[in-house]
Amino acid sequence: MNNSILGIDIGTHSIKAVELIRGKNKKIRLRSVGYIPSPSVSSEGTTKKIVEGLGRLIHDMKVSTNEAVISLPPSKVVTRIVEVPLMKDAELASSIQWEAEQYIPWPLAKSRVDYAVIEENPDTKRMKILLAAAPKDFVESIMSIVDQVGITPIGIEPEVVAIVRCITFSLPPLPAILVLSFGATNSEIALVRKKEIVFTKSFPIGGNTLGRAISEEMGFQFTQAEEYKKTYGIEENRLEGKIYKVIIPLLSAMLSDLEKALIYYKSQYSQETISTLVLTGGSAKIPGLVPYLTKYFGLDCQLINPFSSISVDSSIAPMVIPDGVLYTVATGLGLKVFDL
């Protein structure tokens with residue numbers, strides 16, 4: 001049983017890592033945390049730069065373990081909820097490859113496929129499966145990167161799985177949750193019922209999309225546009241609503257997908273209601289986003305604090321608490337090894 005573990009989130013915008021420790025009282029403690037910008041994906045020698053950056057990050061964190069769980073970003077993984085006839089484990093293991101082939105855009109022979117049963121219905125004799133697949137060469141490249149840093153990967157999984165684990169661990173028990181992970185280059189929606197993912201969808205809209213739009217509309221450099229986005233966000237009464245007017249149309253597709261997810265949930269579980277929308281990801285911190293979504297959907301909308309149920313060392317609390325939402329994936333990865 002692991003008592004100390006690293007969660008490493010290698011994202012397109014930044015690399016985040018946490019070290020979690022479980023004491024004799026089974027209380028989980030955040031021992032160390034780290035954050036660095038990711039090297040540009042268009043630059044030469046990107047892998048080498050990631051290795052060097054991650055190595056410095058792990059060194060500076062002064063970690064006490066070399067074992068880690070690693071994330072797979074939405075842009076490199078397919079996650080689907082698949083409904084199949086009720087069957088035994090051996091049958092499912094055999095048929096899941098055929099199911100996966102219908103959803104992945106690359107050859108099955110070049111894919112790494114995993115799955116988990118999330119729901120069984122004896123009445124309809126059907127079952128729902130969370131299917132995840134990623135290109136083998138990408139998975140192997142991630143494994144190679146952490147290996148070169150001296151880290152032993154004991155698990156690798158999609159970001160959305162880690163996010164949901166962290167949210168369900170951090171919040172009081174809720175029958176159902178709508179999750180929006182708003183990242184730098186991609187975003188992901190998940191429906192969570194009884195702590196299990198019952199729907200997921202990713203799309204290529206992120207904070208960088210908004211920054212580029214502000215840059216083009218206002219004639220700013222991208223870095224200046226990012227500062228305006230982070231300062232004014234979608235608060236209509238600030239800067240004469242200029243930033244608000246640029247951002248809101250870009251959010252329309254995201255809002256539509258969130259609405260469709262709620263409709264889907266109602267079609268599947270007609271007697272149940274979702275009352276909570278949880279946001280995570282760096283772009284979820286855009287000023288005005290939480291109250292805007294609260295008003296738009298009429299739901300209890302909140303930013304997740306991944307450390308709300310975790311003890312945080314006083315030496316690092318001032319550094320991590322204000323930006324806790326950035327570490328949701330890394331924290332969820334670390335929580336994977338504990339018997340929660």
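Here are the numbers:
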{"read-out": "Single match in Ala93, Ala100, Ala134 (criterion: at pLDDT below 90 and either within 26 Å of Ile304 (Cα to Cα) or buried (at least 20 other Cβ atoms within 10 Å of the Cβ) (or both))", "value": "Ala100"}
{"read-out": "Region 7-54 - residue that is assigned to a loop (DSSP other than H, G, I, E, B) and under 17 Å from the mean Cα position of the chain (by Cα) and, of those, modelled with the lowest pLDDT", "value": "Thr12"}
{"read-out": "Unmet criterion (only one of (1) at pLDDT below 95; (2) closer than 24 Å to Lys195 by Cβ; (3) surrounded by 18 or more Cβ atoms within 10 Å (Cβ to Cβ); (4) of a type outside the set (S, T, N, Q)) for Ile274", "value": "(1)"}
{"read-out": "Enumerated strands (runs of 3 or more DSSP E) restricted to region 97-173, each holding at least 3 residues that are over 18 Å from the mean Cα position of the chain (by Cα) and more than 24 Å from Val63 (Cα to Cα)", "value": "111-121, 126-135"}
{"read-out": "Close pairs from region 314-326: first at pLDDT below 90, partner among the hydroxyl-bearing types (Ser, Thr, Tyr), Cβ under 8 Å, at least 6 apart", "value": "Ile316/Ser32; Val320/Tyr327; Asp323/Tyr35"}
{"read-out": "Qualifying residue in region 248-255 (condition: under 15 Å from Leu178 (Cα atoms), surrounded by 14 or more Cβ atoms within 10 Å (Cβ to Cβ) and outside the structural domain of Thr124 (by TED's automatic domain parsing))", "value": "yes"}
{"read-out": "Residue within region 268-278 that is of a type in the set (A, V, I, L, M) and either under 23 Å from Tyr228 (Cβ atoms) or more than 21 Å from the chain's Cα centre (by Cα) (or both) present", "value": "no"}
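The values are calculated or read from the model by the stated rules, or taken from the named source; none is laboratory data. None of the values given here were measured: they were computed from a predicted structure. Quick reminder, even Gly has a Cβ in these numbers, built from the backbone with ideal geometry, and neighbours come from all protein chains shown.
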